[in-house]
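Right, one structure below, let's go through it.
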Amino acid sequence: MQTDRIRASGITDVGLKREENEDSFSLDDDLGLYVVADGMGGHLAGEVASRIAVDLVNKSFRKWKESETSDLDLYGYKDPSLTDPGNHILSSIRLANRVVFEMATENNECHGMGTTIVALAVMPDLIIAANVGDSRIYLVRGGEIERLSKDHTVVAEQVEMGIMTEEEAHHSPLNHILTRNLGANKDVRAEVFEIEPAPNDRYILCTDGVSDLILDEEIKRIVEEGDGPETLCRSFIDEVLKRGGHDNATVVSVYLPDIEQKKQGILRKMGGLVADMLAGIQKARKNIRP
Amino acid sequence: MARLVLLFNDQVIREYPFVKQSMTIGREAENDIQIDNLAVSGFHARIDKTGESFILTDLQSTNGTFVGDKKIVSHKLSHSEKINIGKHVILFLASEKEDGVLPGSEKEGGLDKTMILDTAKQRELLAKQESAAPRVAKPKKIGVLTFLDGSKEGEIELTKKLTRIGKAGNSEVKLSGLFMGATSATISKRPSGYAISFAGGMTKLKINGDVVKNSVQLNDFDTIELGSYRFQFYQKDLG
């Protein structure tokens, strides 16, 4: 089934080994914002941290989108390599970090709490993917799978530095040690990637409870075999539980519409032919010139 | 409290209580455990306390870090394990409270659980690690487009995460042409490197002569064609 709007769905599951679910997620089709967070810290602190982070990123991004000003009212500095919306996602994450950090330092029962975060913002001509920690965003497009997030773990950084191979990293006991999260420091640097959307893109946001058990290539296969976003999320969670469900598992899937068909009018095809001819002529003229 | 005991020829040289989040071992004076011996690298190895566990990491040292006779990259230390660096031995002693690291008693929820490192210290150490490993550290690179053909000349550095190429005013690379799309193509910097995507308009995007309708990864010296414009892509070292 194809529609002309975004379709998204999300499921979180406590898994088979944990007592509490410390993951949180949000879906907002109007805002085009999808967020997943994996909290840590004893008692209820992890759950609180992930919930607050998800809510704050939503609130702060919504506030900017609805304010209709072109002013960049950012929390922290502007990153010149990013668009304005990209800077606002970055700013929203920084703000959420600050709040979680303050709570963790001021309240005894919140001490040591923190959370990862991944956020996907979908706009008509722009996709923004941001993350802190080891929760991930995948893009499945044209038969390929690609990560749009960078793990902030000791092993991932060592792989990037060339100190460790992917193979060593996979078996490393340090797999779950984060180098960045929300709540540990006063400031945090989120990873932000910006890409152009394409028709039929499928984005998967998930916590390590999913990506620990299902490899990238398997994720691609499950996405390609999946039907709607709801059934897809269900298949992921079923697979995680089948493989032991050692941790809380959360998955959010976002399907972009198939708008290509609308564009494929006869005029477009004719136009394309003319454009090819003109480009050919231009080239020919250039070659004739001495 | 855990302790580290530095030995040379089975003689105890010094004992170090593990009072910090992490301790470094090396020849330079800034190390917590300094070993003044040429077989030891400036910053040779470090031990991080993460939760109840102690993790030993080799900082890409010249002569390697060994636990017993096994060369390690990173290793979770167990009680009374011996770390061999050159001719020196460092004995690791876990405290009673940290029973979780005693041999054979893998505590549930130990390293399987996500934890955060003391990040300020970690940054510092990773920076040191980078400088200690110049042979393998990958230099930071930036993508560059060079005009090969068309009405423009010169180079364009891809300083943005997303570079739009097209007719629209907000394009980072502005091209003209009747059938050029407002945004004809985009180049994005992603975790796996640079990728180019066709975005719209009637002008086709070709990479090395092949029409691209979706997106492809860009490799050094790929030729990009948009109508009568031709560019070459490559990555140059930054700084």
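The values are calculated or read from the model by the stated rules, or taken from the named source; none is laboratory data. Treat the numbers as computed from the prediction; the structure is a model and nothing was measured. Cβ atoms come from the backbone with ideal geometry, glycine included; neighbour counts cover every protein chain shown.
For this structure, a couple of remarks:
- Between A:PRO197, A:PRO173, the distinction of being free of Cβ contacts under 8 Å to residues at least 12 places away in the same chain, touching a strand residue (DSSP E or B) at 6+ places or on another chain (Cβ under 8 Å) and either in a helix (DSSP H, G or I) or within 12 Å of another protein chain (Cβ to nearest Cβ) (or both) belongs to A:PRO173 only.
- In this structure, A:VAL122 does not qualify as more than 8 Å from chain B (Cβ to nearest Cβ), within 15 Å of the chain's Cα centre (by Cα), under 30 Å from B:LYS76 (Cβ atoms) and at pLDDT 95 or above.
- Residues that are in contact with a Lys or Arg (Cβ under 6 Å, 6 or more places away or on another chain) and either over 21 Å from B:ASN63 (Cβ atoms) or of a type in the set (Gly, Ala, Ser) (or both), drawn from the stretch B:16-32: B:PRO17, B:GLN21, B:SER22
- Filter pass, A:ARG94 being in contact with an Asp or Glu (Cβ under 9 Å, 6 or more places away or on another chain), part of a helix (DSSP H, G or I), more than 14 Å from every other protein chain (Cβ to nearest Cβ) and surrounded by fewer than 16 Cβ atoms within 10 Å (Cβ to Cβ): no
- Verdict on A:LEU139 being touching a strand residue (DSSP E or B) at 6+ places or on another chain (Cβ under 6 Å), facing chain B (nearest Cβ under 10 Å), closer than 27 Å to A:GLY15 by Cβ and in contact (Cβ under 8 Å) with a residue 60 or more places away in the chain: yes
- Residue that is farthest from A:ASP13 (Cα to Cα), among those in the stretch A:221-250 that are buried (at least 17 other Cβ atoms within 10 Å of the Cβ) and of a type in the set (Asp, Glu): A:GLU239
- Residue in the stretch B:165-172 that is buried (at least 23 other Cβ atoms within 10 Å of the Cβ), within 14 Å of B:SER215 (Cβ to Cβ) and either at pLDDT below 90 or in contact with a strand residue (DSSP E or B) (Cβ under 6 Å, 6 or more places away or on another chain) (or both) present: yes
- Among the residues examined, A:GLY112 does not qualify as touching a residue at least 60 places away in the same chain (Cβ under 8 Å) and under 26 Å from B:SER188 (Cβ atoms).
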